[in-house]
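No lab work stands behind these numbers, since they all come straight from the coordinates. What you are looking at is a predicted structure, and each value in this text was computed from that prediction instead of being measured. Cβ coordinates were reconstructed from backbone atoms using ideal geometry, including for glycine residues, and neighbour counts include every protein chain displayed.
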Amino acid sequence: MGSKKVESYFVFMNYDPQYERLRADRTKSGAHEVDVYLSKKHDELLASTLEPGSYTKTSSLVIVDGFAVKVTEDQAKVLRSAKGVRVVEKNEEVA
């Protein structure tokens with residue numbers, strides 16, 4: 001069983017043609033649309049995968065279709081197996 005310690009992880013998503021289409025729109029409204037789309041997509045993934053209130057999403061990363069989230073090691077393992085997730089990496093300081 002993993003640690004119950006909550007740590008920051010980055011979650012990166014698989015290729016998404018809708019994200020690519022929205023990201024290609026360099027207008028101000030296009031930038032807003034991609035922000036809204038990704039935030040909703042990431043929130044829905046977390047809500048369908050983890051217990052409500054057991055995690056904290058800290059940001060959506062528009063440039064790479066990913067997000068930062070504070071979860072336990074066990075929750076990170078669950079996210080790794082979620083549909084649409086490419087990779088989950090613990091945020092670690094590089095000395």
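Being β-branched (Val, Ile, Thr), part of a loop (DSSP other than H, G, I, E, B) and at negative phi is the requirement here; does residue 11 meet it? Full working, then the answer.
Values: β-branched (Val, Ile, Thr): yes; part of a loop (DSSP other than H, G, I, E, B): no; at negative phi: yes.
No; evaluated as a whole, the condition is false for this residue.
Restricting segment 6-37 to residues that are under 16 Å from residue 79 (Cβ atoms) and either among the acidic types (Asp, Glu) or touching a helix residue (DSSP H, G or I) at 6+ places or on another chain (Cβ under 8 Å) (or both), which is surrounded by the most Cβ atoms within 10 Å (Cβ to Cβ)? Walk me through how you get there before you give the answer.
Residues of segment 6-37 that are under 16 Å from residue 79 (Cβ atoms), as a first pass: 6-14.
Then keep just the ones that are either among the acidic types (Asp, Glu) or touching a helix residue (DSSP H, G or I) at 6+ places or on another chain (Cβ under 8 Å) (or both); that gives 7, 9, 11, 13.
Details: 7: 15, 9: 22, 11: 27, 13: 20.
Looking at the filtered set, the residue picked out is 11.
If I filter segment 48-58 down to residues being out of contact with any helix residue (DSSP H, G or I) (no Cβ under 9 Å at 6 or more places or on another chain) and among the polar types (S, T, N, Q), which single residue comes out as surrounded by the fewest Cβ atoms within 10 Å (Cβ to Cβ)?
Out of the qualifying residues, it is 48.
Can residue 60 be described as in contact with an Asp or Glu (Cβ under 8 Å, 6 or more places away or on another chain), assigned to a strand (DSSP E or B) and among the small types (Gly, Ala, Ser)?
yes
Looking only at residues in segment 14-40 that are touching an Asp or Glu at 6+ places or on another chain (Cβ under 9 Å) and of a type in the set (A, V, I, L, M, F, W, C), which one is nearest to residue 88 (Cα to Cα)?
38
Look at segment 64-90 and say how many of its residues are surrounded by fewer than 18 Cβ atoms within 10 Å (Cβ to Cβ) and either outside any loop (DSSP other than H, G, I, E, B) or touching a residue at least 40 places away in the same chain (Cβ under 8 Å) (or both). Reasoning before the result, please.
Residues of segment 64-90 surrounded by fewer than 18 Cβ atoms within 10 Å (Cβ to Cβ): 64, 68, 70, 73-74, 77-78, 80-87, 89-90.
Now narrow it down to the ones that are either outside any loop (DSSP other than H, G, I, E, B) or touching a residue at least 40 places away in the same chain (Cβ under 8 Å) (or both): 64, 68, 70, 73-74, 77-78, 80, 84-87, 89-90.
So the answer is 14.
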